[in-house]
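Presented below is the structure to which this report refers.
Values quoted throughout were computed directly from the atomic coordinates according to the rules given, and no laboratory measurement underlies them. Because the structure is a prediction, the values reported are computed rather than measured. Don't worry about glycine lacking a Cβ; one is built from the backbone with ideal geometry, like all the others, and counts go over all protein chains shown.
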Amino acid sequence: MNNDTLQLLQSRRSVLSKNLSTPGPNKSELETLLNIACRVPDHRKLEPWRFIVIQGDHRKALGQSFCKIRQQECELTSEQIQAEQNRYTHAPTVIVVVFSPVEHKTPVFEQLLSCGAVCQHINLASSALGYSSQWVTNWCSFNKDAQKVLGLAAHESIAGFFHIGTAKCPPKERSRPDLIDKVVYYQS
Ligand SMILES: Cc1cc2nc3c(=O)[nH]c(=O)nc-3n(C[C@H](O)[C@H](O)[C@H](O)COP(=O)(O)O)c2cc1C
């Protein structure tokens, strides 16, 4: 039994992106993290995902681009403008997981599940490396203009933005389902 792994799985929590700061993964840790992300069940080895890594000044620039898109759609208060522009500036690294389905006999649903596994591997690998993370979609994931800014093809979509860094304060525990509500034992 690997108690360290069990302990990590039983205790890990997401940390809100605004509560993340430096340090984040270095170059070699990031490579480790992305390799772990790719090590997921993948029916017929289609690899229906790819990554966009956002770091440094590009984080602020992306928030500013997205903010302009948002302002064309709705009126924002100065506080909301600030929040939009700083959306990606808290954690030192943000990884966009792009769902990139392949035309194939393997159903898109299965490809999506595989991409979801990639996403949670990013959370788990971040914890294992000693960092915290949050999986966020928000409006930007579903907005066509925002997708264009990130260079997505028409058939692609955003599975999530992963904010990765160090927690400024420890997250509180979150309630989890009672197994009695979730599990039945099949009886023939
Ligand atoms: C697909 C997906 C999208 C999410 N999008 C958001 C989001 O836009 N904003 C947000 O605050 N939390 C979002 N969450 C929730 C957090 O990532 C996280 O699940 C929640 O804070 C509790 O995490 P924990 O159980 O890992 O501690 C999303 C979760 C998933 C699975």
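With a threshold of 27 Å on the Cα-Cα distance, the over-threshold entries among K68/K168; K27/K172; K18/K144 are K68/K168; K27/K172. Since only C67, T137, N3 are under comparison, the one whose Cα sits farthest along the positive direction of the charge dipole of the chain, derived from C-beta charges on Lys, Arg, Asp and Glu, is N3.
Taking a ≥ b ≥ c as the square roots of the eigenvalues of the Cα gyration tensor of the range 3-170, is the shape rounded (a/c under 1.5), prolate (a/b larger than b/c) or oblate? Oblate is the answer for the range 3-170, as a/c is 1.5 or above yet b/c matches or exceeds a/b. Counting neighbouring Cβ atoms within 10 Å and putting the fewest first, the residues R44, R12 line up as R44, R12. Our coupling estimate for the range 42-57, obtained by passing each phi through the Karplus curve with A = 6.51, B = -1.76, C = 1.60 and θ = phi - 60°, is 8, 4, 6, 6, 8, 6, x, 7, 8, 10, 10, 9, 10, 9, x, 5 Hz, Gly and Pro reported as x. Given the range 103-171, what whole percent of its Cα pairs are spread farther than 18 Å? Roughly 52 percent, once rounded to a whole number.
With Cα atoms defining each centre, the range 53-96 and the range 1-23 are spaced 25 Å apart in the structure. Around the Cα centre of the range 3-170, unit charges on the Cβ atoms of Lys, Arg, Asp and Glu (plus for the first two, minus for the last two) sum to a dipole of about 140 debye. Using a Gaussian network model of the chain in which every pair of alpha carbons under 10 angstrom is joined by a spring, one finds that among Q72, Q120, Q85 the greatest mean-square fluctuation is at Q72. Distances between placed amide hydrogens fall under 5 Å for R13 paired with no residue 5 or more residues away or on another chain. What lysines sit close enough to K45 to cross-link, taking a C-alpha to C-alpha distance under 16 Å and skipping anything fewer than 8 places away on the same chain? Result set, ordered by chain and number: K105. From its DSSP helices (H runs of at least four residues, each -39,500 (n - 2.57)), the chain gives a residue-normalised ellipticity at 222 nm of -13000 deg cm²/dmol. What do you get for the angle between helix 27-38 and the principal long axis of the chain? Use alpha-carbon atoms, 0 to 90 degrees, nearest ten. Compared with the principal axis, the helix lies near 50 degrees.
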